[in-house]
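This report concerns only the one structure given below.
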Amino acid sequence: MTSHTPRGLRRLSLAGFAATAATLVAVASAPTAAYAAEIPGVDEIVHSDNLTQLANVPKSAAFGQLNSDLAFQGKYAFSGNYNGFVVYDISVPAAPAVVSEVVCVGAQNDISVLGNLLFLSTDSSRSDDSCNSTALPASDKNAWEGIKIFDITDKAAPKYIKSVETNCGSHTHTLVPSKKDVYVYVSSYSPSATYPDCLPPHDSISIIKVPLDKPTDAAVITAPNLFPDGGNPGGNGSSATTGCHDITAYPAKKIAAGACMGDGILLDISDPAAPVVTERVRDLTNFAFWHSASFNNAGTKVIFTDELGGGGLATCNPEIGPTRGADAVYDLTGGKLEFKSYFKIPRENAWNENCVAHNGSIIPAFGRDILVQAWYQGGVSVWDFTDSANPVELGYWERGPLSTTGTATGGSWSAYYYNGLIYSNDIAKGFDVLKLDDPRTNSAAAVRFSELNVQTQPQYPACDTVLRDASRSITVKRGVTCVDGGTIRGKVEVSKGATLLAYGATVAGDVRVTGGGTFSLLDSSVTGDVWADELAQVYVAGNRISGDLDVHDTKGAVVIAGNTIGGSLECEYNKVAPVNDGVRNTVDHREPGACAEL
């Protein structure tokens, strides 16, 4: 285990939190006149020039409780709420449409999706596992908490098909897919001698195995003890470890990072049914509550967040300072974590605004490590940690306080980047869609995901080469080549197994991509033909193509949207039907076949 000396809403029956809360109330009881003058007005929106709002969908009357986490699949966003979940159609980002609302009370309804399955976490003691349950005290042996599973084949009518009870309930959960099954890592904490289903010590997670061909057979298969020594005892400036708050798995790297109250851990998940702790770190100076974690795409860095005050208190102010309630950036080298820096939003928030580091996701910009993150009433922040020791904010968007006279819990619970846009689930105000327009991040739009659960971190093609200009034709024979706003004075050829991602490019010649890799061409200009054949995935959108566009024999998703094509558009033998994401192409000549109506 490593400790470092820094250089610079559940059962919160935690002694460390109690002491911290008392301190926070004392220092944040009222603003000074100068400080108050800098705070936006009630519900006033302030933002950097590069981050703007496209849409907001307020919560309906049935969802008056807190909004929580988000998940994505295709053209749908899934929004958790303490009262259930909402499915949105986001194919028109400026006008998200409610597809269905499922009332199923059970805080906090942490949410994830995989194929035709949706998973919900219940971390409040209920009378039974139904969606019509009522509250019971945790001291009642008959109380139920755990995971609920829904069939979402029909997004307009999700069906509740299975529940699995787990010790101490499910505060959050993480999906770790395998070929025939998905393993669900269930995180929970805060046991008590008075809770018959959550007795101390509770140094474990529950692992549920869900057979994908028969999800109704889902069951707990093991509950590995991650802290045989009991973990952080607390009383030392940080929380006692009595379980984990959240785990982020990175299946492509066979690793996971756990944020476990008083400890940060790394796990080897080569065998998803038997994770092994390989590294542990503590911060006894600045981290009160290890809340969540994110890897960079290379798996060489980990960001841990400190939810100082449990998410209900004001910590974004000069009194608390820039290193508490913040993020910590660690380099990961040879399996060891090395602390490099802290990051906290540089704006002061009002005395009555709950504000602290919370849920975020990686923005897959070419050649950079960038995170978008929720800070409750601190809003949404975009920051760059490419230089681990010197993180810097790139943009922000936030609302003013909910009130000027009292305290109220609100703000962004989760802020995630998905296929070109940022989606934020605001606790009080509903579902927000934001657009980030910045030359440092715009290339991320060339990376597409068919599904996104942030706690199951996806790997995307990492640029081996980033081109911004080339004076002649180029041939890509291996690896991943990214063209970021550059000019290619000649044709582009991509050989079998290689990948091309291009954003804002100008190509004076044909583009031909053949065999095995991924191809993205976004907001570019091509003087010539574009040919994509036998690829894993194709995304061609917002381009001006003077010649033909031909897409053949693609194994995965094909998106052809909003292009102006001077020649013909032809699609044949693709395994998945091509789509245009609701944005039609302008085509001189449409060939018969799968793309004729795009």
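One table, with the values for the structure above:
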| read-out | value |
| --- | --- |
| Per-region count, the range 216-226, residues open to solvent by 30 Å² or more (accessible area, probe 1.4 Å) and either of a type in the set (S, T, N, Q) or within 16 Å of Cys260 (Cα to Cα) (or both) | 4 |
| Strands (runs of 3 or more DSSP E) contained entirely in the range 500-598, each with at least 3 residues that are aliphatic (A, V, I, L, M) | 537-541, 558-561 |
| Subset of the range 143-166 (residues that are touching a Pro at 6+ places or on another chain (Cβ under 9 Å) and open to solvent by 50 Å² or more (accessible area, probe 1.4 Å)) | Ile161, Lys162 |
| Given (1) open to solvent by 10 Å² or more (accessible area, probe 1.4 Å); (2) among the hydrophobic types (A, V, I, L, M, F, W, C); (3) in contact with a strand residue (DSSP E or B) (Cβ under 9 Å, 6 or more places away or on another chain), index of the condition Ala252 fails | (3) |
| Restricting the range 553-572 to residues that are open to solvent by 20 Å² or more (accessible area, probe 1.4 Å) and either among the aliphatic types (A, V, I, L, M) or in contact with a Cys (Cβ under 7 Å, 6 or more places away or on another chain) (or both), the residue that is farthest from Val587 (Cα to Cα) | Ala557 |
| Residue pairs meeting the criteria (Cβ under 9 Å; at least 6 apart or on separate chains; first buried (at least 24 other Cβ atoms within 10 Å of the Cβ), in the range 410-438; second of a type in the set (Phe, Trp, Tyr) and outside any strand (DSSP E or B)) | Gly411/Trp375; Ser412/Trp375; Ala415/Trp375 |
| Filter pass, Cys131 being open to solvent by less than 60 Å² (accessible area, probe 1.4 Å) and on the phi > 0 side of the Ramachandran plot | no |
| Search result, residues across the range 330-354 that are more than 23 Å from Ala298 (Cβ to Cβ) and part of a strand (DSSP E or B) | Glu353 |
| Pair list, Cβ < 6 Å and 6+ apart or interchain, from the range 571-598 residues that are closer than 21 Å to Pro93 by Cα to residues that are of a type in the set (Val, Ile, Thr) and open to solvent by 30 Å² or more (accessible area, probe 1.4 Å) | Gly582/Val92; Thr586/Thr564 |
| Matching residues in the range 111-128 - criterion: being out of contact with any Pro (no Cβ under 7 Å at 6 or more places or on another chain) and open to solvent by less than 10 Å² (accessible area, probe 1.4 Å) | Ile111, Ser112, Val113, Phe119, Leu120, Ser121, Thr122 |
| Top-ranked residue in the range 339-380 [being more than 24 Å from Asn67 (Cβ to Cβ), touching a Ser or Thr at 6+ places or on another chain (Cβ under 8 Å) and of a type in the set (D, E, K, R); ranked as most open to solvent (accessible area, probe 1.4 Å)] | Arg368 |
| Subset tally (residues that are open to solvent by 50 Å² or more (accessible area, probe 1.4 Å) and among the hydrophobic types (A, V, I, L, M, F, W, C)) for the range 167-202 | 2 |
| Matching residues in the range 512-532 - criterion: being crowded, with 18+ Cβ neighbours inside 10 Å and touching a Gly at 6+ places or on another chain (Cβ under 7 Å) | Gly517, Leu522, Asp523, Ser524, Gly528, Asp529 |
| The listed residue being part of a loop (DSSP other than H, G, I, E, B), among the acidic types (Asp, Glu), under 18 Å from Arg282 (Cα atoms) and open to solvent by 60 Å² or more (accessible area, probe 1.4 Å), out of Asp229, Asp213 | Asp229 |
| Matching strands (runs of 3 or more DSSP E) fully within the range 372-475 where at least 2 residues are in contact with a helix residue (DSSP H, G or I) (Cβ under 9 Å, 6 or more places away or on another chain) and farther than 24 Å from Ser187 by Cβ | 430-436 |
| Residues (under 27 Å from Val182 (Cβ atoms) and open to solvent by less than 50 Å² (accessible area, probe 1.4 Å)) located in the range 452-487 | Leu452, Asn453, Val454, Gln455, Thr456, Gln457, Pro458, Tyr460, Pro461 |
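The values are calculated or read from the model by the stated rules, or taken from the named source; none is laboratory data. Computed from a prediction, not measured in an experiment: that's the story for all the values here. Positions of Cβ are generated from backbone atoms using ideal geometry, with glycine treated the same way; all protein chains shown enter the neighbour counts. What goes into the accessible areas is simple: the full protein's heavy atoms, side chains included, and nothing from ligands, DNA or RNA. Shrake-Rupley method; radii C 1.70, N 1.55, O 1.52, S 1.80 Å.
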